[in-house]
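Right, one structure below, let's go through it.
Readers should treat all values here as calculations from the given coordinates under stated rules, not as data from a laboratory. As the structure is a prediction and not an experimental result, all values here were calculated from the model. So basically every Cβ, Gly included, is an ideal-geometry build from the backbone, and we count neighbours across all protein chains shown.
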Amino acid sequence: MISMAGGLPASSLLPVDLIRTSCASLADHRELFQYGASRGYSPLIATLNKLYPEQNNPWLICNGSQQGLDLIARAFLNPGDGVVAEIPAYLGALQVFQLSVAQIYPLYHINENGESESQPDLIQLESHFKTGKVKLFYAVPDFHNPTGRVWAEDTRIRVSNLCRLYGVMLIEDSPYRELRFSGEQRSSLTALYPEGCISLKSFSKTGFPGVRLGAMSGPAEFIAIAERIKQATDLHTGLPQQALINALLNHPKYPDHLAHLRNSYKSRHQQLRSELIKQLGNQIQFERVEGGMFIWLKLTSASGTNVAARALEQKLAVVPGAAFYPEGVIAEDNAIRLNFSNTDPSLIPEAVSRLARSFCSLS
Ligand SMILES: Cc1ncc(COP(=O)(O)O)c(C=O)c1O
């Protein structure tokens, strides 16, 4: 089986060598095996302040950014509250919002000006805000999961202004932001709307998903509420994990690791892109991707669900686009999500041949 289904970083590129010494000496640090502060391990917080100066707000360390999402939902959402989410959306976020019995307001992307990537429909966004029911807007502006899209600078400014105007809390979920392999980095939403934005960072895509470490930063009053929920949930995130991620972030070779990761993903993406064009031609369409881990493949005349089912018979796992829609929203069944980060480059041509055979077996 070749899997292009998950959102996994490349196993072969996990930076284990950069934490080998720190792992070996963990037992010399008794303080890491005591209880710690709910906010997080202070050396790690100091590192985050240094790495992300634009986040001029307090931090709360969590068990992956997924826990940050859960804390936000439990801190700020009551049943029936409105949450705007870009559709299709990251499934883990939809699960959290659905557990809070929030009302999801779908925000679709449009491509009006022939831009390289589609952008969220800001007229639709404002009409959602005008209902007066929307409490928060959940956004993945950098290399969105599942579409791989990135918001233009102008979109970021206009969204921040709309959130400020309507008093909506903005959640910037950015696990892929550091994985830009071409084009220019854009402003973070936090920098544009510091008084109303909670930013979620993850060390799963640049570090290790198994360590389960993420962080949220936002206005002091929001973080204080989330911290109380965190305290009630698990007191604090494990100190050994926090110390390991701190060691990784401070390792002199960490910048080289990031550069290598970006280069590797760039070439995997490039290879996948050329194979798709070569082997599937006009049966598919996809937008340019400048980073992250995913290609959102639009099928010109096939169902994503059928192609994904046929692909499994060919021993290729892909996720049908319809899986990324919340309950109650009509899913478009004309896409599949392909992950390129965790597929060995030598397997990419074969993976695409299997995909092409899945299309053939439909007709
Ligand atoms: C958009 C998005 N947010 C959050 C997460 C969760 O990441 P973490 O491992 O930091 O909990 C993921 C994981 O794939 C994701 O794609």
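For segment 235-310, with only Lys/Arg (+1) and Asp/Glu (-1) charged at the beta-carbon, what is the dipole magnitude about the Cα centre, in debye rounded to 20? If you can, show how the numbers build up before the last one.
On the way: 9 positive and 4 negative charges, 42 e Å.
Here segment 235-310 has a charge dipole of around 200 debye.
Pop the C-beta distance of Ala323 and Ile123 into the FRET formula with R0 = 25 Å and round what comes out to the nearest 0.05.
0.35
How far apart, in nm, are the 7 Å Cα→Cβ label points at Arg164 and Gln285?
Calculated label separation equals 3.6 nm.
Which length gain, in nm to one decimal place, applies between Glu31 and Glu350 when the Cα-Cα distance is subtracted from 0.36 nm times their residue separation? Let's see the in-between values first.
Numbers: separation 319, 0.36 × 319 = 114.84 nm, distance 4.99 nm.
Stretched fully, the Glu31-Glu350 segment lengthens by 109.8 nm.
Of Tyr138, Tyr90, how do they rank once you tally other Cβ atoms within 10 Å and put the fewest first? Walk me through the numbers on the way to the answer.
Values: Tyr138 26, Tyr90 21.
Exposure proxy ranking, most exposed first: Tyr90, Tyr138.
Which ³J(HN,Hα) values, rounded to whole Hz and listed in residue order, are derived for segment 26-40 from phi using the Karplus coefficients 6.51, -1.76 and 1.60 in 6.51 cos²θ - 1.76 cosθ + 1.60 with θ = phi - 60°, glycine and proline given as x?
3, 5, 7, 10, 3, 4, 6, 10, 9, 5, x, 7, 4, 4, x
By its C-alpha gyration tensor, with a ≥ b ≥ c as the square roots of the eigenvalues, how is segment 1-150 shaped: rounded for a/c under 1.5, else prolate for a/b larger than b/c, else oblate? The partial results should precede the final answer.
Details: a/c = 2.19, a/b = 1.58, b/c = 1.39.
Prolate, since a/c reaches 1.5 and a/b exceeds b/c.
Compute, for the chain, the length of the dipole vector about the Cα centre, with Cβ point charges of +1 (Lys, Arg) and -1 (Asp, Glu) only. Units Debye, rounded to 20.
Working: 33 positive and 33 negative charges, 105 e Å.
Dipole size: approximately 500 debye.
Return the sequence-ordered ³J(HN,Hα) values of segment 330-347 in whole Hz as given by the Karplus equation 6.51 cos²θ - 1.76 cosθ + 1.60 applied to θ = phi - 60°, using x for Gly and Pro.
Calculated HN-Hα couplings, in order: 5, 7, 7, 9, 10, 8, 9, 9, 10, 8, 10, 6, 10, 9, 4, x, 5, 9 Hz.
Which of these, Ala27, Ala311, Ala89, has the largest mean-square fluctuation under a Gaussian network model of the chain (Cα springs below 10 Å)?
Most flexible of the set in this elastic network: Ala27.
Can you put Lys253, Lys266 in order, fewest other beta carbons within 10 Å first? Could you put the intermediate results ahead of the total?
Numbers: Lys253 13, Lys266 18.
Ascending number of Cβ neighbours within 10 Å: Lys253, Lys266.
Where does each of Met293, Met169, Met1 land when they are ranked from fewest to most other beta-carbon atoms within 10 angstrom?
On the way: Met293 27, Met169 21, Met1 9.
With the fewest neighbours first, Met293, Met169, Met1 line up as Met1, Met169, Met293.
In the chain, with Lys and Arg counted as +1 and Asp and Glu as -1 at Cβ, which of these residues, Gln185, Leu26, Thr300, has the Cα nearest the positive end of the dipole, that is, farthest along it?
Looking along the dipole axis, the top candidate is Leu26.
For Glu184 and Ser3, compute 0.36 nm times the residue count separating them, minus their Cα-Cα distance, and round to one decimal in nm. Don't skip to the answer; put the middle values down first.
Working: separation 181, 0.36 × 181 = 65.16 nm, distance 3.02 nm.
So the extension gain works out to 62.1 nm.
Could you tell me whether the chain comes out rounded, prolate or oblate from its Cα gyration tensor? Rule is a ≥ b ≥ c as square roots of the eigenvalues, rounded for a/c under 1.5, then prolate if a/b exceeds b/c, otherwise oblate. Before the final figure, lay out each step's value.
On the way: a/c = 1.83, a/b = 1.21, b/c = 1.51.
It is oblate, given that a/c is not under 1.5 and a/b is not larger than b/c.
Mind listing the long-range amide H neighbours of Gly292? Cut-off is under 5 Å, sequence gap 5 or more, other chains count too, H placed in the peptide plane at 1.01 Å from N.
Those lying under 5 Å, H to H, from Gly292 are Leu179, Arg180, Phe181.
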